Each structure stands twice: as structure tokens, then as C-alpha cells.
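The values are calculated or read from the model by the stated rules, or taken from the named source; none is laboratory data. Predicted model, so just to flag it, every value in this text is computed and none were measured. Neighbour counts run over all protein chains shown; Cβ positions are idealised from the backbone, glycine included.
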Amino acid sequence: MATLGQKPATQHVSLQKQTITGNGGTSYTLQQSVGSALDVAVFINNTRQEPVVAYSASGTTLTMTGAVNSSDHFYVIFLGKAIATTGLPVDAVATANINANAVTMDKLATSGTLPALNGSALTGMSSAGTVHAYGENNATITLSRGADTNMTGFTLNEIDTHSAFDGQTFTVPSGQAGVYLINIDLEIDFSQVGGDGEAYSFELKKNGSQANLSRYAHNSNQGYTYRHQMNMCVLKNLAVSDAITVVANAGDQSGGGGGRIIGGAGEGGMSRMTFIKIA
């Protein structure tokens, strides 16, 4: 049969009853805690007593105005506590019925498969993917011609969630193996190079061995004060204790100096390193 409104209950609701044996006194203990006399109905010899006037109740204490004898048929009905209640239909609670901030972290699963927005399941994801480190170069680094120069001092405006980055070396913390996004930006200053041009490169090293290489060739016609930003953005599958470092190199051409990697508080973070665990 069709109905209007919520589907009728498939079970009935009953109220909990407690039978009490009178002891000739006025103070008795309730099985359930109540807020006031209005939360219980008290019956003596099947006659309902008037709340507040004939009795008071607070917590588990019931206090009668007059004494109750053992021969009296004495019982209470808990009006505020239903038992054997009907279960809610599956679609009984809609989103609009949930108050803002009513769902806390205690009610959310913190383990298992993470659901996707379309209702399917994301795999290969975990709550451990929160490692991230970031640092800007705190001072300009002069490059040696024809030799590798370690990139150090990337501690300006530093963010380091797991104490994994010391400004030069990023070391994968214990329990944090996975796929990392690594982004390196180096701002090169040509003001010290000669008129012959330079070939610049920088390497991403994993445990001391070259993992990735980026190159840039500077032509003298671009002018001696020209700047160029070299960038490398890669994904790396890293194990615990893997160490990532960066070195830069100015090709051994004839002429002036090898150029500089710009850094310092006044340079707006032009040279920086970023490490983020993504899976």
C-alpha cells in the first residue's frame, strides 16, 4: 500500500519499566539516570503519582513525598528511555539533516581504502604521503669553472615536516619510502662570465650518483648581466635513507668567471628546492 511521508515502522516502541519494593521509607534507587521528575512516571497500586508534588527525581535517586510500604504495588516507567526502537530506514537521514560540524574525526575511518569522488576506490594511496620539505638559497653561490659545486644553504623560508632536509641533502625518513615529486629551481647570474659564453648544467644525485641532468648554454651575445632560471621537475621512487643532493657546473670555457647561483633574502626565492611525497 502506498504511503505519504516516512515509511511506517516495522517494530513497536516500548518504554522501560522498573518494579521497586517499598521499604517503608521515601528514598529509592533508579536503574536509569534521569534529569527530573518529569522523566519518569511513578505508580503506587496502579495509581499514577503527580510529578514534583508526590515525588522528585535526579540522577538515579527517586525521592517520594510519603513513605512506600512493601505491600504497595510500586513501579516506575522511564518516559525518556525507549527500548526496542525501530531502526531508521536506509535513506532516512539526508545531508540537509546533518548539522554543520556534527561529523567529527572519531566518526571517520582512518584506515582502509580511500574513496574517490565518483564513489570508486583510490588505490596505492595512504595517509603517510605527507612528507614535504622546501628551502630557498640563503646566499649567492659562486660556481667554479669546470668543476661541480655543491648546492648548499637552502634553509631560507624552510618547511620540513619530518626533519629530512638540512639545506643540502634530503634524506627519506624512516617509514616514508614512496614516490616523491622533486622540483629544483636555480637562478644563474652571468655577470661574471667572459665574452666566450658558458655551458651550464646541474645534476640531481641519488646516493652520490647522477640521477638526472639539466643543461643550459649561454651565448655571449645575450649580455653579461643576463639571468636565466634552470629548472628540473621529476618523480622519483625513493627508499628509506636514500639521499638526494644537487650540484651545479659551469663549463670550462676561456674567459671570465663561472657565474653565480643567486640566493639571499632579497632575491625572492629565485633558487629553491622542493621535495613532496605523493604516493
Any hit, segment 264-277, residues being more than 19 Å from THR152 (Cβ to Cβ), modelled with pLDDT of 80 or more, aliphatic (A, V, I, L, M) and under 29 Å from the mean Cα position of the chain (by Cα): yes
In segment 161-185, the residues that are more than 26 Å from GLY263 (Cβ to Cβ) and of a type in the set (Val, Ile, Thr): VAL179
Filter pass, ASN221 being modelled with pLDDT under 90 and surrounded by fewer than 17 Cβ atoms within 10 Å (Cβ to Cβ): yes
Within segment 105-139, tally of residues that are at pLDDT 75 or above, among the polar types (S, T, N, Q) and farther than 20 Å from GLU203 by Cβ: 2
Output for segment 153-183, where each listed residue is of a type in the set (S, T, N, Q), surrounded by 15 or more Cβ atoms within 10 Å (Cβ to Cβ) and farther than 17 Å from GLN210 by Cα: THR155, THR161, GLN176
